[in-house]
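Take a look at the structure set out below.
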Amino acid sequence: MTSTLDPRRKRSTVVRLGDRIFAGLSTSAGIVILLVLAGVAAFLTIEGIPGITASPDEVKSGESFLPFVWPLVYGTLLAATIALIIAVPVAIGVALFISHYSPRQLGQVLGYLIDLLAAVPSVVYGLWGIGFLAPKLAPVYEWLERHLGFIPFFAGPASSTGRTILTASIVLAVMILPIMTAMCREIFLQTPRLHEEAALALGATRWEMARMAIFPYARSGIVSAAMLGLGRALGETLAVAMVLSVSVGTVTANLISSTNPSTIAANIALKFGEASGKTVNALIASGLVLFVITFLVNFAARAIVDRRKEFSGAN
């Protein structure tokens, strides 16, 4: 007795050549990314260890590695955190306006403008920060010192040039705003329409609908957008180096003074060209610290997003 095979089942077991090529290319791309990441980490580690173990006499700053890198880590985290605090509410508000409040044509125009802002080079933002933003903010810093000087953040003396850590943070916030807004906009547009209509049918206002239907659905995406913006803010170099008036080794909570902490990326950009000997290794070691910080930030963001997805699935 001969058995017959279902031709549809036979065809489903055949792997086409195009599928094999695509699978191979995808796997190769993933492997290349891992190799590049491992190569960067290995280079930073090998070249940075001599800078970490160097004596103060071998480094141009005259300090051991920890006193050298700690103010830079502080300045990096401070500038990125302030930028994130400024940019996240604005990005969410603009994305919500484009996706649910604005007329369709106006929303499309604003979306194109946001996408174009993401393509502006960082040097342009730096020139804007020096030539326009800093002079405009200098009188504001003087007002903050006079009226809110009892707060450590505005203790002063206010910078007469406006080139402060707060100005640099505002520039960073403008730089990370487009990518965060674009991501939030796409996430808001994916909210199930039935959820929105159900909230409105129950008598909710548009803001209550956004709060009860859109934000819970898009929470993990908002966290991802914020962490992506934070990653760019941590690694931004040129704009911060151009705007910030740096005082080496400074750790202060004063945001409007001329005495400002520097960031790791800006310090490397400003000093690498004239560095030599163990000073080069110390700068590379500071880059290793920035690499670790960025990795931990992205790892934490991924953990938060996955946890929220599991929580949403369980509910």
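The values are calculated or read from the model by the stated rules, or taken from the named source; none is laboratory data. Keep in mind that this is a model prediction, so the values were computed, not measured. Reconstructed Cβ throughout: ideal geometry from the backbone, glycine too, with neighbour counts over all protein chains shown. All accessible areas refer to the heavy atoms of the entire protein, side chains included, with ligands and DNA or RNA removed. Shrake-Rupley method; radii C 1.70, N 1.55, O 1.52, S 1.80 Å.
Name the residues in segment 120-164 that are in contact with a Gly (Cβ under 7 Å, 6 or more places away or on another chain) and within 17 Å of residue 232 (Cα to Cα), would you?
none
Among the helices (runs of 4 or more DSSP H) contained in segment 62-149, which hold 2 or more residues that are farther than 30 Å from residue 286 by Cβ and either open to solvent by less than 40 Å² (accessible area, probe 1.4 Å) or of a type outside the set (A, V, I, L, M) (or both)?
65-96, 104-118, 134-148
Among the residues of segment 175-197, which ones are open to solvent by less than 50 Å² (accessible area, probe 1.4 Å) and assigned to a helix (DSSP H, G or I)?
175, 176, 177, 178, 180, 181, 182, 184, 185, 187, 188, 196
Do any helices (runs of 4 or more DSSP H) entirely within segment 215-302 hold 3 or more residues that are of a type in the set (Ser, Thr, Tyr) and surrounded by fewer than 22 Cβ atoms within 10 Å (Cβ to Cβ), and if so, which?
Details: elements: 215-235, 238-243, 264-271.
Because the criterion is at least 3 residues that are of a type in the set (Ser, Thr, Tyr) and surrounded by fewer than 22 Cβ atoms within 10 Å (Cβ to Cβ), the helices (runs of 4 or more DSSP H) in segment 215-302 that meet it are 215-235.
Being open to solvent by less than 50 Å² (accessible area, probe 1.4 Å) and assigned to a helix (DSSP H, G or I) is the filter here; which residues of segment 30-61 pass it?
Correct list: 30, 39, 41, 42, 44, 48, 50, 51.
When only residues in segment 150-173 that are assigned to a helix (DSSP H, G or I) and open to solvent by 20 Å² or more (accessible area, probe 1.4 Å) count, which is nearest to residue 84 (Cα to Cα)? Before the answer, list the steps.
Keep residues of segment 150-173 that are assigned to a helix (DSSP H, G or I), which gives 152-154, 165-173.
Still in the list and also open to solvent by 20 Å² or more (accessible area, probe 1.4 Å): 152-154, 166, 170.
Values: 152: 20, 153: 17, 154: 19, 166: 12, 170: 9 Å.
Here the residue is 170.
Is there any pair with a first residue in segment 197-219 that is within 17 Å of residue 93 (Cβ to Cβ) and a second that is among the polar types (S, T, N, Q) and surrounded by fewer than 16 Cβ atoms within 10 Å (Cβ to Cβ) whose Cβ atoms are under 9 Å apart and which are 6 or more apart or on different chains, and what are they?
Within 9 Å, the pairs are 218/190; 219/312.
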